[in-house]
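Q: Here it is: the structure, laid out below.
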Amino acid sequence: MGMKGKIKLTNILLCGGSGTRLWPLSRTLMPKQFVKLFDGKSLFQLTVERNSKLCNSLFIVSNSEQYFLALDQMEELTIHDSQLTSHNSRFTLHDSQLTTHYLLEPVAKNTAPAIALACMALDENEIVLVTPSDHLIKDEKEYVKAVQKAKKLAEQDSLVTFGITPTYAETGFGYIECVDEFGVKAFHEKPDLKTAEYYLEQNKNLSSERLALSTYLWNSGMFMFKAGVFLNELKAHSPKIYEACKVAFKNKKIQNSTLRIQHSHMEAIPNESIDYAVMEKSTKVKVVPSNISWSDVGSFDSLIEECEGLSAMCYEENSENNFYYSDNIDKIIATIGLKDFVVVDTADALLIAKKGETQKIKNIVNKIKHSTEHLALSTHTTGYRPWGSYTILEDSNGYKIKKIEVKPGKRLSLQKHFHRNEHWIVVSGCATVTIEDETFILNPNESTYIKAGQLHRLANEGKLPLIIIEAQVGEYTGEDDIVRVEDDYQRIKY
């Protein structure tokens with residue numbers, strides 16, 4: 001499949017999911033697509049690598065919080081993957097250019113608006129491959145074949161979806177009922193177990209010579225079509241979504257390769273999936289059956305199937321068939337009399353669940369949100385920012401201690417706090433510090449003090465990472481006690 005063809009192929013990469021079914025590994029501000037569970041890489045990074053071999057353009061659709069995670073992990077790919085190098089918003093893979101753009105949504109409104117807004121930024125004849133960023137595909141040869149088939153159908157103005165051959169009676173996926181080679185007879189909601197078993201039984205009874213009969217495939221959530229064809233079908237079948245997206249796109253803000261949708265216009269768009277808005281209503285829909293070793297990694301039960309060697313250091317007594325994970329490689333897990341359990345340990349939360357019941361984690365997360373919301377939202381004890389990261393070492397009444405790492409050439413916003421004083425101690429690297437009208441350098445073992453209300457900024461003008469310890473002291477040390485006066489990263493709520 002060549003990128004030298006007359007019609008370009010753009011990968012619209014959807015990154016907005018929260019992945020709460022993998023809590024506490026996955027959080028709202030660190031969803032599963034960005035958690036590095038696969039040989040040091042995330043599902044997002046694996047998806048970028050896979051699709052960059054097929055596409056000459058990448059359009060990442062994300063919310064504002066996850067935008068910086070995406071930027072950071074794209075940058076990591078350019079450092080750690082010798083095949084992929086970057087310069088500004090262009091990436092080179094083999095002999096082809098991969099141009100990367102971002103669309104930022106201030107409010108999640110499901111897949112139909114996300115795809116529509118991205119398509120409005122493209123030429124109407126451009127073929128797009130729409131993929132989630134949190135799915136695992138292990139058979140890339142079959143994946144290429146499926147994309148090739150889908151591209152031919154998309155060139156004929158079809159709306160193509162990818163159907164996965166079921167391997168068991170799954171109740172967590174929607175199903176596509178197919179007829180003939182690429183025809184779609186119907187879309188079916190997530191079934192109960194009895195119905196799912198019926199679908200699989202029908203597939204077993206279907207012989208290759210009886211193609212006129214229907215078969216049932218999992219709905220993968222991947223699509224391919226011309227941008228203009230999709231928008232025309234959206235306008236015909238869901239005009240309210242189309243018109244609201246049109247207004248939102250017209251009033252977008254553009255900075256370099258990033259499109260930002262204004263909050264008020266995004267709020268006005270109806271919340272709808274692409275399946276409900278278009279695919280279940282259009283007569284242009286085709287399906288490509290795909291045997292690509294696919295998984296949505298939507299629960300710990302499915303993650304266990306894909307992640308060997310994810311276990312922490314553990315010792316068992318009269319225990320078997322358990323799955324252990326700890327984000328502290330030095331922590332020992334010991335169990336006695338435990339069988340068929342999932343044990344996931346993070347710095348601020350511990351999950352113990354019976355295998356086969358991990359889909360219920362979503363219920364637990366809903367309960368946690370009502371009592372201890374930060375455990376569902378936070379990125380564990382580490383938060384990621386466009387300039388680097390911070391790790392909370394201690395958090396108590398009246399004070400908080402952080403380790404802050406600033407990347408070379410990056411700086412924090414010019415800011416002030418009303419409820420806390422701050423002490424900065426340089427551990428390694430060289431810090432450029434601004435407090436009010438004074439700018440000075442701090443070297444390792446040197447420190448400074450910032451009073452509440454003083455304008456200040458931390459910058460790393462060196463070539464090595466800057467690491468400091470920040471001690472906050474005050475009546476309130478929450479992350480929202482911040483007023484930004486200047487910011488390199490346009491962290492503005494429109």
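The values are calculated or read from the model by the stated rules, or taken from the named source; none is laboratory data. This one's a predicted model, so the numbers in the text were calculated from it and none came from an experiment. FYI the Cβ positions are ideal-geometry reconstructions off the backbone, even for glycines, and counts take in every protein chain you see.
Q: Residue under question is residue 76, and the condition is that it be outside any loop (DSSP other than H, G, I, E, B), at pLDDT below 90 and among the acidic types (Asp, Glu); does it hold? Please lay out each step first, then the result.
A: On the way: outside any loop (DSSP other than H, G, I, E, B): yes; at pLDDT below 90: yes; among the acidic types (Asp, Glu): yes.
Taking the combined requirement at face value, the residue satisfies it.
Q: Let me ask another. For the stretch 299-352, which residues satisfy the criterion of being loosely packed, with under 11 Cβ neighbours inside 10 Å and polar (S, T, N, Q)?
A: Scanning the stretch 299-352 gives 318, 321.
Q: Got a sec? Which strands (runs of 3 or more DSSP E) wholly within the stretch 401-454 have at least 1 residues that are buried (at least 18 other Cβ atoms within 10 Å of the Cβ) and among the small types (Gly, Ala, Ser)? Walk me through how you get there before you give the answer.
A: Details: elements: 414-416, 420-428, 431-435, 438-442, 447-450.
Hits in the stretch 401-454: 431-435.
Q: Based on this model, can you work out whether residue 391 counts as within 25 Å of the chain's Cα centre (by Cα), polar (S, T, N, Q) and either closer than 24 Å to residue 35 by Cβ or in a strand (DSSP E or B) (or both)?
A: Numbers: within 25 Å of the chain's Cα centre (by Cα): yes; polar (S, T, N, Q): yes; either closer than 24 Å to residue 35 by Cβ or in a strand (DSSP E or B) (or both): yes.
Yes.
Q: Pick from the stretch 258-275 the residues that are buried (at least 20 other Cβ atoms within 10 Å of the Cβ) and hydrophobic (A, V, I, L, M, F, W, C): which of them is farthest from the chain's Cα centre (by Cα)?
A: 269
Q: Pick out, from the stretch 252-311, the strands (runs of 3 or more DSSP E) lying fully within it that include 3 or more residues that are touching a Pro at 6+ places or on another chain (Cβ under 8 Å) and in contact (Cβ under 8 Å) with a residue 60 or more places away in the chain. So that I can check it myself, show each step before the final result.
A: Numbers: elements: 253-255, 258-260, 285-290.
Answer list for the stretch 252-311: none.
Q: Here is a follow-up. Of the conditions (1) assigned by TED's automatic domain parsing to the domain that holds residue 409; (2) under 30 Å from residue 105 (Cβ atoms); (3) surrounded by 15 or more Cβ atoms within 10 Å (Cβ to Cβ); (4) modelled with pLDDT under 95, residue 494 clears all except one; give me its number.
A: Among (1) assigned by TED's automatic domain parsing to the domain that holds residue 409; (2) under 30 Å from residue 105 (Cβ atoms); (3) surrounded by 15 or more Cβ atoms within 10 Å (Cβ to Cβ); (4) modelled with pLDDT under 95, residue 494 violates only (1).
Q: Among 201, 181, 189, which is loosely packed, with under 14 Cβ neighbours inside 10 Å and in contact with a Gly (Cβ under 9 Å, 6 or more places away or on another chain)? Walk me through it before giving the result.
A: Values: 201 fails: in contact with a Gly (Cβ under 9 Å, 6 or more places away or on another chain); 181 fails: in contact with a Gly (Cβ under 9 Å, 6 or more places away or on another chain).
None of the others qualify; the one that does is 189.
Q: Taking the options 51, 110, 125, 88, name whichever one is on the phi > 0 side of the Ramachandran plot and at pLDDT 90 or above. Walk me through it before giving the result.
A: Values: 51 fails: on the phi > 0 side of the Ramachandran plot; 125 fails: on the phi > 0 side of the Ramachandran plot; 88 fails: at pLDDT 90 or above.
Answer to the selection: 110.
Q: Show the residue pairs meeting these rules: Cβ distance below 9 Å; 6+ apart or different chains; first residue within the stretch 42-71 and not assigned by TED's automatic domain parsing to the domain that holds residue 266; second residue buried (at least 21 other Cβ atoms within 10 Å of the Cβ) and at pLDDT 90 or above.
A: That search, which allows pairs on different chains as well, returns nothing.
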